[in-house]
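Structure incoming, see below.
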Amino acid sequence: MHERTQRMGGEAGAGMREVMRATLTNRALSLLILVVLISAVMTALYPKYFFNYYNLRQLLFYLATPAILSVGMVFLIVAGVFDLSIGGNLAMSGTIAAAILIALPTFPVAAAMLIGVAASTLAGLVNGLLVAYVGVNALITTLAMMGILRGVAIMLAKNPIGVSETFASVGAPFVLGFQIPTYYMVVIVLFGAVVLARTTYFRQLYYIGANRRAAELSGVDAKKVLLTAFVVSGFLAGFVGIVQAASSNAAIGIIHEGIELKVITAVIIGGGSLAGGRGTVLGAFMGTLFMLLVDTIMTIASVNNMYQPFIVGVILVLAVTLDVVIQKKLGAST
Amino acid sequence: MTGALSRKDWVVSQLITNRALSLLSVNVAIAALMSLVFGPVFFSLGNLSGILLNLASEAILAVGMMYLIVSGVIDLSVGANLALGGAITGICLQGSTVFGLVINPQPVPVAIAWGLLASSLGGLLNGLLVSRVGVNALIATLAMSKIIGGAALYIGGSEIANLPQEFCVLSQTRLFGFFMPVYYTLAVVLIGAILLSRSRFFRRCYFIGGNMRAAALSGIKVPPTLTAMFVIMGFLAGLAGIVFAARMGNASGNTLPNIELNVITAVIIGGGSLLGGKGNVAGAFMGVLFINLIKTSMVIAGIDIYWQPVVVGAILVAAVVFDVMIQERYTVNMNLRRMKGRRARMAGQAT
């Protein structure tokens, strides 16, 4: 005991370093600190516009779509693959459901929604079969699928298709002051975080991403697990598509074009690595929140639209550069 | 090596393993079929000229993209960089004020030089991020596409209209029935093909893409080579942007959005592999020609343009599945056959 207290003085520096290290390596934590800091500064600068119920409500509503998609994406990125087709996929699910109801007005709404989600899940299955079983590169497979699914969505809904009130009821209403998609997001993110971190089956994604061959040699059925991850991604995209159509009262063929790259970026900012083996659902969520916060801030601070992509790009480059530098430093010190 | 094969075997092996050749055959077949069905609507100098003019930007970009993909990397910022090249050249021609800096109207060659320089600089930043800092190429160029695209949007705005006539003639002049961009494209593709297949410096791309670590260990300076390829890609993007701006008579901050994905698709259909180490410029050009031929044929056949992404996507899947399932298996089988033959010959010599 006595010895330990004596050594404490010398260890204080080392302890601080440990805390720093933990903060730097736990991406969800460091992003949380960053988000809190940014929010505090924004609250001080724009007390009227930033920290209020309306802004929080809208932020959480807009967060829902990318955050739910990021759960599926982080499963894939952890395994060293990704999915570019989620944008087209979510548009397809919404437009299929809406188009069915236009063609057959008496068709049950729930069944139409299920068909939309099933179609997206099926697209995820095809992605998974091509990548895991046939062995085609994930970028190419999902790039091709992106064109196919988006094409189908646009053909079904060249103009927005309005949806009925029953349809809208799964995405539009407010509950306890927040719009329903916000609650979907909370449930899916928490569920995804537990599943990826705690279940044996999905933890295999980390082994596959770190070293697929080694994982297979130690008995992991990499093909099956990868296929599952793609199916999950397809299912979540389909779900988001339905919710999106419901909350905006219309299914739109060109909705969320390019969202896949935003989601991948958010997952990478949140600690994922395209090399595979790294990333968590909470990190991805914080990455998504961070990116959305940057957008929101630029709007509130009335940054000229012309500058916005430039600023986002600078932040991205800094973030990925910092990440590589930190990883190298930590790798060297251990 | 081919001496052991019969002529029929050789033709089959070429069609399976030589993507440029097999795509050329497919392109000829499509063109023949379209000419038979639609006659002069398809089979005319005007249509050929139109197809070649429309694929100019994609083909110029495909050359640089093939260099990168052979090296095992990729560039998603080419669309933004293309817009930047056009926009910089545009403001240099017309004169403008950017960041409080007054730019006087410049002569055409000077304006073009600035545009090429700006896009090459974008490529240089990509190259440094990927090869020096070590950021994954997909993420680095995705982030850079925002910066470069943002800069292009700020500088070019929605449109820099009415570019001077002495600049526009560069793309709007006809020679032997074809517009000038067709010749620029052919020149870039030819030079690009010769460099990649014949020059020692460019052939390093294959070693780097095949096995980066082995390449580095055998004395290839990987970072400078990769950086050079990104700079070349940037330069070609600038060139494509300038040629396009001259053709249109205006420049804007967001010309040809999403062209990078079309170019990557064409390069992969043309025999490139994202794993690196595979592909050539002729294949990339044939890939671009193939996609444009399909699109034109669909338009002439009166098919809804919204089918185009669906069809192109399906073709892309078919091409890569063919790669994985047929070409690789065939190559393995042929190698086995060759080994057996060699072993038999060695056994014959021994006795």
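The numbers here are math on the coordinates, done by the rules we state, and not lab data. Predicted model, so just to flag it, every value in this text is computed and none were measured. As a convention, Cβ positions derive from the backbone with ideal geometry for all residues, glycine included, and neighbour counts pool all protein chains shown.
What is the helix-to-structure angle for B:56-70, meaning the angle in degrees between its Cα long axis and the longest Cα principal axis of chain B, kept from 0 to 90 and rounded to the nearest 10?
On a 0 to 90 degree scale, this one is about 50.
Please compare each pair in B:LYS8/B:LYS340; A:LYS328/B:LYS221; B:LYS278/B:LYS340; A:LYS158/B:LYS295 to a cut-off of 24 Å on the Cα-Cα distance and tell me which ones are over it.
Check vs 24 Å cut-off fails for B:LYS278/B:LYS340.
Based solely on its DSSP helices, what 222 nm [θ] is calculated for chain A when runs of n ≥ 4 H residues each add -39,500 (n - 2.57) and the sum is averaged over all residues, nearest 500 deg cm²/dmol?
Taken over chain A, the calculation gives -25000 deg cm²/dmol.
With a point put 7 Å past each Cα toward its Cβ, work out how far B:ILE326 is from B:SER13 in nm, to one decimal.
Spacing of the two 7 Å Cα→Cβ label points: 1.8 nm.
Additional query: Mind jotting down the distance between the C-alpha centroids of segment B:278-351 and segment B:31-53, whole Å?
25 Å
Looking only at other chains, what is the average number of their beta-carbon atoms within 10 angstrom of each beta-carbon in A:317-329?
Details: counts 11, 1, 3, 9, 6, 1, 3, 7, 3, 0, 1, 2, 0.
Across the residues of A:317-329, the mean count of other-chain Cβ atoms within 10 Å is 4.
Within 10 Å of each residue's Cβ, count the other Cβ atoms and sort B:VAL299, B:VAL182 from fewest upward.
Going from least to most buried by this count: B:VAL299, B:VAL182.
Between the helical axis of B:7-17 and the dominant principal axis of chain B, each derived from Cα atoms, what acute angle in degrees is found, rounded to the nearest 10?
Taking Cα atoms only, the helix is inclined about 40 degrees.
Report the Cα-based extents of chain A along its three principal axes, largest first, to the nearest Å.
Per principal axis, max minus min of the Cα coordinates gives 80, 59, 39 Å.
Let me ask something else about it. Rounded to the nearest 0.05, what FRET efficiency do B:ARG338 and B:GLN172 have when you use their Cβ-Cβ distance and R0 = 45 Å?
0.25
What Kirkwood radius, in Å to one decimal, follows from the Cα pairs of the protein assembly as shown?
27.2 Å is the Kirkwood radius here.
Tell me, how many Å apart are the Cα centres for segment B:188-234 and for segment A:33-106?
Computed from Cα coordinates, the inter-centre distance equals 41 Å.
Please give the FRET efficiency for A:THR106 paired with A:ILE254, using the beta carbon to beta carbon distance and R0 = 35 Å, rounded to the nearest 0.05.
Numbers: r = 29 Å, r/R0 = 0.82.
Calculated transfer efficiency: 0.75.
Could you estimate the translational diffusion coefficient of segment B:2-345 from the Stokes-Einstein equation, with Rh from the Kirkwood formula over C-alpha pairs, at 10 °C and 1.306 mPa s, in whole µm²/s?
Translational D for this selection: 75 µm²/s.
A follow-up question, please. Summing -39500 (n - 2.57) over the DSSP H runs of n ≥ 4 in chain B and dividing by its residue number, what mean residue ellipticity at 222 nm do you reach, to the nearest 500 deg cm²/dmol?
So the calculated ellipticity at 222 nm is -24000 deg cm²/dmol.
At 0.36 nm per residue, minus the direct Cα-Cα distance, what do B:LEU45 and B:LEU33 gain on full extension? Give it in nm, one decimal, please.
2.7 nm
Can you run phi through the Karplus equation (6.51, -1.76, 1.60; θ = phi - 60°) for segment A:289-295 and list ³J(HN,Hα) in whole Hz, with x for Gly and Pro?
My calculation for segment A:289-295 gives 4, 4, 4, 5, 4, 4, 4 Hz in order.
Could you work out how far helix A:308-333 tilts from the main Cα principal axis of chain A, as a 0 to 90 degree angle to the nearest 10?
So the inclination is approximately 40 degrees.
Using only atoms on other chains, find how many Cβ atoms lie within 10 Å of each Cβ of peptide A:134-143 and report the average.
6
Say we join alpha carbon atoms closer than 10 Å with springs in a Gaussian network model of chain B; which of B:LEU289, B:LEU175, B:LEU196 then has the biggest fluctuation?
Result: B:LEU175 has the largest fluctuation of those listed.
When you look at the Cβ of every residue in A:256-268, what mean number of other chain Cβ atoms sits within 10 Å?
For peptide A:256-268, the averaged partner shielding equals 2.
Using Cβ counts within 10 Å as a stand-in for footprinting exposure, how do B:CYS168, B:CYS205 rank, fewest first?
With the fewest neighbours first, B:CYS168, B:CYS205 line up as B:CYS168, B:CYS205.
Between A:SER218 and B:LEU101, with labels modelled 7 Å along Cα→Cβ, what's the label distance in nm to one decimal, could you check?
That separation, rounded to one decimal, is 5.4 nm.
Put a dot 7 Å past each Cα toward the Cβ at A:ALA118 and A:THR321; how far apart are the dots in nm?
5.1 nm
Sort B:SER120, B:SER218 by Cβ crowding within 10 Å, fewest neighbours at the top.
Numbers: B:SER120 22, B:SER218 9.
Going from least to most buried by this count: B:SER218, B:SER120.
Just how large is the dipole of the protein assembly as shown about the Cα centre, in debye to the nearest 20, putting +1 at every Lys and Arg Cβ and -1 at every Asp and Glu Cβ?
On the way: 41 positive and 20 negative charges, 491 e Å.
For the protein assembly as shown, the charge dipole is close to 2360 debye.
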